[in-house]
Structures are given as structure tokens and as C-alpha cells.
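These notes concern the structure reproduced below.
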Amino acid sequence: MRVWPGRPYPLGATWDGGGVNFAIFSEHAKRAELCLFGSPQATRASHSVRLPEYTDHVWHGYLPDLAPGQLYGYRMHGPYSPDRGHRFNPSKLLLDPYAKAIGRDLTWTDALFGYRIGDPQEDLSFDDRNSAPAAPLALVIDPAFAWGDDRPPHTPWHKTVIYELHVRGFTRLHPSIPEPLQGTYLGLAAQPAVDHLKELGVTAVELLPVHYFVHDRRLVERGLSNYWGYNTLGYFAPQPSYASSHEDDKPVREFKQMVRVLHSAGIEVILDVVYNHTGEGNHLGPTLSLRGIDNASYYRVVADQPRYYRDYTGCGNTLNMRHPRVLQMVMDSLRYWITEMHVDGFRFDLASTLARELHEVDRLGAFFKVIRQDPVISQVKLTAEPWDLGEGGYQVGNFPVGWTEWNGKYRDAVRRFWRGDEGTASELATRLCGSADLYQRGSRRPYASVNFVTAHDGFTLHDLVSYQEKRNAANRHDNADGESNNLSWNCGVEGATDAPAILDLRYRQMRNFLATLLLSQGVPMLRGGDESAQTQQGNNNAYCQDNPTSWLSWLHDERQQQLVQFVARLIRLKREQPVFHRPNFFQGRPRRRSGCKDIYWLDPAGREMTDEARKAPSVQCLGVRLAGDAIPEVDERGERLTGDTMLLLLNKSRDAVPFTLPELKAGERWELVFDTAQSAPGQTSCRGGEAYPLQARSMAGWRLQKCEAADAPAQ
């Protein structure tokens, strides 16, 4: 087989129409061996080629006789010395970190480990068994795709509504989607799935990890799987199990088809990405890719004990973002998914880990500096999960300009308020207004806050109002996994019930949470399935449940159907009313010309409420008036933003409260838009100064309406 010198860049396997260039980084390897396989069933290589050139720590070679569809892996030769941080073992076939497609998934065997399982010396021992029969294989692809007139929707952040979903779980049980497409990229692109997203009115889907990931051996042996996918092994390849066909490069093409369809529906695609650790685990984990390619470069090792890893993730290892080649891999991956796969943004799992220069979290670390100046990555949506498991890892509010953050403080404040905790009204007011205490400094905007009440990790919305305690026995960790402090309230009965009064209260609470979430300043993120009251039967850590526990059910009863319609109405209200998606923070002071405030808070007597008054522990009920004619910003065409003046009333107490609506001018009235005490309220209007019976544990929204003289209520 002919082998030419080739080029050190780009890394990975690149087909140029005449042959394939192979390039792989390893600073400490002594030799790189390319292994070619004839089929996914092959147990040994058909050819082994020593890459002939080594340039700037990159081994490379060009094979003019190869074409797309070729399966391959690597064997890296070098020292096996865990005490010095090196774990080279040429008996282990390794996955190219830049693989664009996976031609074969792994099969768990002891041969995948670089040391002898069960040896008293553990990873200091050496295993020389050939792992090729069980190792994952990379696939050379032809990246060409007929994108047509595909264009990113470019929805502004302040108008974005995110819907978090799992590619498999979202459509796995959808009865209107052909069975071969259920649970796949093409299933998400199927018309029934797209119609649901459009009917809700969401502007973006945030996909749980779709980078190629591995299922932990301990889970597989227990009949479980890493369903969520936070166990990445390949940062360039889409997860093959989410494709309707695993043949050749079908997963790549089907992913692109999905993106194209969603874009045509005006829906952006955001990926949940895991650049903080890999699926190779701790020092006792398998040798599948980076560990065998150059362990000391790719991973954060303990300085004086390089046998062990720095673990800021709770998953056994941490990627070494201090190394320029590791940083390059992450940046190359991000650019690839933007330019080749056309995605619109990323949510970074445990993002504080990426900012650790030495040990402390540095919010202006190398990673953020590089992204800030990158002309491609800096232009898409970037969201941080602003914490990790290391010391000082909780960094909500501390990420740089240009980033949004999952606002964990928003989640906790809203849960506490609607649970009925004392002294929560003041913080709820701050969170509802965009969390200025966290994001106003440093020229950040309200949309820096990605607001959420629930997410994939934790109780579903239904379970948040149905369970006091987690029920994770199915995970086979003796119910020890998952968060114990859920800030939940079961409405009087633990778990499932047929009691009408309890069900009424639970659905009212769900509407309270949804109305608060969707009408707060900032970017709302709706957990997929919450709009239809999906339950996981109290499991708040269903990461390993690839079964109906996690899959969305599309068979909805009347209550669930009404909840879906309620969510759609709220999203439409947020989109139509500028006061609910302001690009800047409220000022809270009288404007020069009109003298009116853009926002002020009310007590149940209809009087303006001071900041100090809201802080009183006894406050159970409050209102907020948002002036639609006092917005200082302009729209995309430079025209002044105006909308209706809106009024929100919130009552977390166990008793109904007569709430006096603010006084109005002649010819004006308050029109009820929604009341969470009613699944579908009829038309109701009230005069200014009139008391409205705000029911226990409920929230109501009003619109200020101008009315004809003949219809104007007497003042």
C-alpha cells in the first residue's frame, strides 16, 4: 500500500477526492501505527501502516489508495509508565480523537484495559492482549451534503425560548412517527415532532449529548446504559445509535438532515457538550483513545503523583485545557459542528472545569479568551453550566460577556417561593426581573440568565409537585444517587394519586411554575415533557434509564392536553409582549417625559411596595406592573419598542387574597389573560381599584386595555 508523507494539518482523517490524509497529535509517543479494517466485523487489521512523518508533535501520512468508508484505528508506541503519567500500550487499538464518524461501537471486554484486571498491582501491571476485536473503529467520511438554502435562524437571545430534549427519548414512543425513525435524528425531524415544537412556539432545541459516547461497563453489566450520554469519547462524531441506519456515514447525514429540517421550521439547534472529561474514567478505566494516545498531555494529572487524575467532574478525569493541543481539539470540534453540521450554539457541561488554569476557576481563562476572539465560535449561542464539583466551582454570575448561564439561583428561588417558604418574595422579584444582582455588572444583559425550574437532571415538573423524596431504586445505587435537597412539595400526598383535589392542586402548581418561568426576564428553558406533565415516578437521576421511565409519552389525558395548550399560550404571550423579553434591565425609576416607572411592585391593597417591604418574611402575595410604553430600547429596525402594560399577581399562600388592581385612567380596564387557578379562564375584565379574588397558590396575568367610551367601565 502506497504511503506518502502527507500533512500535519488538519488533524484526523481527511479525504481530498484523491486519497486520505491521516494526522494525529502525540507529544510523547515514539511511533504511530495506522490500522485499517475491511469491515465492522473484522477482528484484525487488513493493513498496518507506520505513519512516516512527525511534524510539531503530529504524526502524519497520506494514503492515495483509500476512500470514504474506510475503517481505521491507531496503535501508539511509547513508554508504559503510569507513575510518570504515560500509558502507551500498542496492544490497544485506539479511536482517533478527530474521528468524524464511528464505524463500529465498542464491546466491553477486559482486553480494552491497558492493565491486567484483577492484578494486585492494578494499573501498574501491563496487559498485552489485542483489543482490536472489541475496540471502536473510526470511519473516513465524505463531508459533502446538499444543504440547499439552509440558513441559521439567528433568533436574538432575548427572544429565545429553549426546549431541552433527548434525541432518543423525545420520539421513541411517538405513535405518529414511523417505528424505524422513532428515537432518531430523523424522528426529531419528522413532521409530527416538528409540529409539536412549532405549536408550542419554542425557538431552539437543546439536545442532550450527541457526541459519540460510551456506556459505562458497570451499567451495561447491570442491564442499564448511560442514557443521558455525558460520557463522551469522540468530539467530532455524532452518536451512531441515534441514527435510523448505522451503515457507513448515515449518522452524519441524518444529523445534517435533522438540522436542515429544524432550521426550515425556524428552530435553532443547540448541543449540550461535554469537554470537561471523557469516557475513559479514572486511572483504573479503559484505554480507548486519549489515554493511549498521550495521557500526560490530554488529561489533568496530579502534579506529584501523575498516576492519578485531577477530578473536578466526579467522572474520574478532567481534560487538560492548559495544553495548547487539547485546547485546539476543543476549538476544532466546536468549529466543525458550526461549519460542517450547521448547529447554532452549545451548552457547556460543568463549564467551570474549562476555566481552571491551575486549580482556581479563572473566569478569563485561556479557553474563554480563545473563544472570545474566534470569528466563528464567538458568533453562536454559548451557555455555561456555571459549576463543577471542585473547590470554588460554583460560579453563577461570574462568566464573561458573550456567555449565558444556567441560573441555578433562579431555579432554587422559584421552587422555594411556590413551595411556600417564608422570606422568598424579595429574591423571587429579583429573579423574575432577570437577576440583575448577578448579571448587570460588566455590561451583561438579562438574557445572560438562562432560567429554568427543571432540567434533565432532577425531578420532572410533575414529580416536583408530587414527591418529597427521590425514588431512584431502579438505578441500582440503593437510592443513594441523585440530589436529596429538591425543594419539592408533594401537595399533600406522596406519589401517584387519583384524588381530584390533589390533582387540581398539582396542576395549579405546575401552571404557577410554568407561568413564572416563561414570563420572567431572561431566556426560559423548558424541560422537554414538562409541558405535558411527564413523570419519572419520582426518579430524579434517570441518567441510566433508557426505557419508558425517561421516554416521553404522547398519550395525553385532558389535563395534560390543557397544560400543553397553556404553555403554548404563555410562550405566545412572551413573544407578543415586549415587556416580557426586554433586552435591557428595568430601571425602576420615573422616566423624564411621562414620569411613570417601567416597573413597580404592589401589595394586595394595590399600593406600591418598597424593596424593604418585599423583604419581610411574612410577604405571601405581591404583584408587579410592567409598563409597555416605558421601554427605552428600539427594535431591529430602530423603531421604539412598545407593547401593552402587563400586571402579574402571585399568591403563594394557602388562602385566597382579594387583590386590589392598580387605578387606571378613564377609558382603561384590566383584562385577564390567564389565571393558574383555572386551566382555561374565560374573558374577565376589571376596573382599576377593584379587588380581584386571587386564589390560594395561584398566579394571574392581566393586560391593560383601552376601551371605547361606550364600553368603558365607570371609574
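Observations, loosely collected:
- Of the accessible area of the stretch 288-437, computed with a 1.4 Å probe over protein heavy atoms only, carbon and sulfur atoms account for 47 percent.
- Listed candidates (i) 164; (ii) 238; (iii) 217 - label of the one calculated as volume of the Cα convex hull per residue in Å³: (i)
- Taken over the Cα atoms of the stretch 78-208, the convex hull encloses 213 Å³ per residue.
- The stretch 6-144 - percent of accessible surface contributed by carbon and sulfur, probe 1.4 Å: 48
- Inter-centroid distance (Cα atoms) of the stretch 486-500 relative to the stretch 254-289, Å: 36
- DSSP bridge orientation in the chain - percent antiparallel, rounded to nearest 5: 75
- Charge dipole magnitude, Cβ of K and R +1, D and E -1 - the chain, Cα centre, debye nearest 20: 1080
- Rounded Å value of the spacing that divides the Cα centres of the stretch 639-700 and the stretch 387-402: 38
- Accessible area (Å², per residue) of the chain, counting only protein heavy atoms and a probe of 1.4 Å: 38
- Per residue of the chain, the DSSP helices (runs of n ≥ 4 H) give a summed -39500 (n - 2.57) that works out to -5500 deg cm²/dmol at 222 nm.
- Cβ-based net charge around L438, under 12 Å, with every Lys or Arg adding one and every Asp or Glu removing one: +2
- Net +/- balance of residues flanking P90 in space, Cβ distance below 13 Å, scoring K and R +1, D and E -1: +4
- Among the listed pairs K381/K706; K574/K615; K381/K409; K159/K369; K100/K574; K30/K369, those beyond 30 Å (Cα-Cα): K381/K706; K100/K574; K30/K369
The values are calculated or read from the model by the stated rules, or taken from the named source; none is laboratory data. Everything numeric here is computed off the predicted structure, so don't read it as measured data. When we count neighbours, we look across all protein chains shown, and the Cβ atoms used for this are built from the backbone with ideal geometry, even at glycine. Accessible surface is based on the protein model in full, side chains and every heavy atom, while ligands, DNA and RNA are left aside. Shrake-Rupley method; radii C 1.70, N 1.55, O 1.52, S 1.80 Å.
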